[in-house]
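Data block below; observations after.
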């Protein structure tokens, strides 16, 4: 993830505002809110603005994923990209056992624990593939992203700052 963050920071710093960098980083899968908060810390954005901007950037794509991804995947399965779609579905479903077992609580925990391969994007994809209620899934994912933001904020702005990194 550090390489991706470095790319965004180096490509955008000095060209757009620091806050917009945090927002753009948070929109992307893989880095999402975690990357946005870490980028904010690295470029000197204060904690509260970094948190709010990263949260919003991570949440904006979620309703679109929940509403449209199954239809998009069905269309892509009719193209040369079908193998990529099948692999993505397979990889997501392999991670969804806790979501299937514990329902919305499982979805919340999956999104809230800021580990590689978890987060709002993957949670939304899993919720869509499992045909979970869109409104409940969105609220659950939003709560999970918020919790992940608190954890990452404590680690980056608290722990890293305390040991003098950044």
Checklist outcome for this item: At R0 = 25 Å the Cβ-Cβ FRET efficiency linking residue 10 and residue 94, nearest 0.05, sits at 0.15
Checklist outcome for this item: Longest principal axis of the chain (C-alpha) makes with the long axis of helix 32-43 (C-alpha) an angle, in degrees to the nearest 10, of 10
Checklist outcome for this item: Convex hull around the C-alpha positions of the stretch 61-145: the volume in Å³ per residue is 80
Checklist outcome for this item: Ordering 7-17, 59-69, 145-155, 117-127 by per-residue average of other C-beta atoms within 10 angstrom, highest first, gives 117-127, 145-155, 59-69, 7-17
Checklist entry - In cubic angstrom, how much convex hull volume per residue do the alpha carbon atoms of the chain span? => result 115
Checklist entry - Which angle between 0 and 90 degrees, to the nearest 10, do you get for helix 120-129 versus the longest principal axis of the chain when only C-alpha atoms count? => result 10
Checklist outcome for this item: Rounded to the nearest 500, the 222 nm mean residue ellipticity computed for the chain from DSSP H runs (n ≥ 4, each -39500 (n - 2.57)) alone is -23500 deg cm²/dmol
Item to check | Square roots of five times the Cα gyration tensor eigenvalues for the stretch 1-58, Å | outcome: 14, 13, 9
Checklist entry - What order do you get for 22-33, 86-97 when each peptide is scored by the mean count of other beta carbon atoms within 10 Å, highest first? => result 22-33, 86-97
Item to check | Between helix 61-76 and the chain: long-axis angle, C-alpha atoms, 0 to 90°, nearest 10 | outcome: 40
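FYI, it's all coordinate maths here, none of it is from the lab. In this text the structure is predicted, and so the values were computed from the model without any measurement. No Cβ is skipped: glycine too gets one built from the backbone with ideal geometry, and neighbour counts run over all protein chains shown.
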